[in-house]
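Report on the following structure.
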Amino acid sequence: MRAAELSLALPRNDGSLAVSVARRLLEPLGPVDLPAWEADHPALAWRRSGLLELTGRPGGPGLVAPIPLTSLADGLVLALGALAPYADLPRNGAALLGERARRLGLRRRGQVSANGSARLLKTLDGHLALNLVRMEDWESLPALLGGTASEWCAVADLVARQPTADLVAQGHLLGMAIAPEGRPPSPARPFSIQPPLGAATIRSRRPLVVDLSALWAGPLAASLLGAMGARVVKIESLSRPDGARGGDPYFYDLLNGGKASVALDFKDPEGVGRLRALIDAADIVIESTRPRALEQLGIDAASVARRGATWVSVTAYGRTGVTANLIGFGDDTAVAGGASAAMRRGWGESLFVGDAIADPLTGLAAAFAAWASWLGGGGRLVDIALADVIAYASGLGEVSGSELSAWQAFAEADKGPLYSLRQPLGIASPLGADTVSLLSEL
C-alpha cells in the first residue's frame, strides 16, 4: 500500500478508541471533562513506544499486535488526567509499555520473552507459556515434565509429548508460572470493584498510599498515584524485600522514586503490629501478594475496605476462586489473557507481545481504580488480575487480514520519533530508610 493510500486509510491522530476507553471508565463517576487529547493511531503508537522492536521473530520484521493494547494504555492515562488535571502524568500511556525494554536494550525474540525467562512451547494439543523466573522453578522441572531437563531444548521436547491441561495442572500444584494459550471472554471492565464506583468528589487533602506490592504493576500504580499528589509509603519485608531492587537501578528508581521506605520483620509480632498500624492509617493500600500470605498475618482486605480505605489487590488471575493463589508474571499472564493467540490468528504464529506487557497495563488500570475509588469516598475492594487486563484489551477489538496488513505497513512507514522516556521522581530510598520517622508519626 502506498504512503498516500495509508494516510487516507489510517488517520495519523486517531485517538478515538482511547477516548472511548476513557469515557467508558469514567462513566460511573458522573460528569467528568476529558482533557485535550491528541493520540496517535494504534499502529503508530506501537512503533513509537518501541513495541515493534519487541514483537515478532528475531530474524524477521517487527510486528504490530492485532489487539489495541496501546489504545487501552492511552485511554487509562486520559482517564487519570481527567481525574487529576494538575498531575504530572505521562503524555502517552503507550510509552509506558515499552519503557523497560528501551532502558535495557531488549529486542524481539519470537517465542522467547524479551527478558529471556519465558518460552511459548508447543504441547501435544496446543501451546502454553512457561516462565522460569526463579532457580526453584528449574528444580521443579522433573516433577512437572516427568523427566530431566536442564536446558530449554529438552524442556520443549518433553512438553511437546504431553497435553496442555495436564502440564498446566501439575505446574500449578508446583507453584510455577505456567499458562495455557488462551482466548478468555473479555470482562466488562479491566478490574472488579466492590462496591461499584460512584460519583467523584473534590478531596481537600492528599491520600496516604501504603504500597505493599513488588516488581512492576503495583509499584507503577503507586508511583502514578504519587504523581497525582498522594503521599506514598513503600513497605517491604526485611527478609524478602522487593525483588526489583536487584534489577536495573534506573528502572527501579522510575517505579519507586519519591516513595518513603519502611522495612519490617513480618515474622515478628511487633513488626506485624506496625504493619497493621500503617495499613490502618492508609487511604489506599496496594498489594501484589497471594491472598493467603496476608491472611496468615491476620490482615483482612475486606475489613480494611469496610473501615473506609481502598484496597487494591494485584494478582495473576484474581484474588478469589480456584485461581486465587496461582503464580503469574507479565509475560505468561499475557498469554493466558489472549495476546499470543491473537498473534497466531493475525500472523499465523504464537508469539510473545512486547515486554511483560500485562504488567504496565495492569499498573495503569490499578492506579485509575484506586484514585477513582478514593475520590468516591473509598471503602472499596479492587480486584485486578493481569490476565483479565489483557482479556479486556482483546475485547476492545481485533484487526485481521487486510486491515492488519495496513496497520503493519503504516507502522513500518512511520518516521516519527520514539516517545520520550519518563524520568524518575528521584532516587529510590534505601531499604528501610524512613522506618523510624514514619513509625514515630503513628
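Numbers at a glance
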quantity	calculated
Estimated distance in nm for a label pair at residue 239 and residue 415, the labels positioned 7 Å out from Cα along Cα-to-Cβ	6.0
Under 29 Å from the Cα of residue 234 - lysines, other chains or at least 8 residues apart	259, 267
Prolate/oblate/rounded label for the stretch 152-267 (Cα gyration tensor, a/c 1.5)	oblate
FRET efficiency, residue 296 to residue 403 (Cβ-Cβ, R0 60 Å, nearest 0.05)	0.75
Projected label distance in nm at residue 205 and residue 280, using a 7 Å step from Cα toward the beta-carbon	1.6
Label point distance in nm, residue 157-residue 122, each placed 7 Å from Cα along Cα→Cβ	1.5
Sites residue 344 and residue 265, calculated FRET efficiency, Cβ-Cβ separation with R0 60 Å, nearest 0.05	0.80
The chain: DSSP helices with Cα axial extent of at least 24 Å and average Kyte-Doolittle hydropathy no lower than -1.0	358-375
For the chain, the longest site-free run once GluC sites (Glu not before Pro) in DSSP loop states with at most 14 other Cβ atoms within 10 Å are removed	152-440
Centre separation in Å (Cα based) which lies between the stretch 155-214 and the stretch 55-132	16
Centre separation in Å (Cα based) which lies between the stretch 277-299 and the stretch 217-237	15
Span per principal axis, largest first, for the Cα atoms of the stretch 118-180 (Å)	28, 21, 19
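Coordinate-derived values only; no laboratory data. Here the structure is a predicted model, which is why all the values come from computation and not from measurement. A quick note on method: Cβ atoms are made from the backbone with ideal geometry, for glycine too, and the neighbour counts reach across all protein chains shown.
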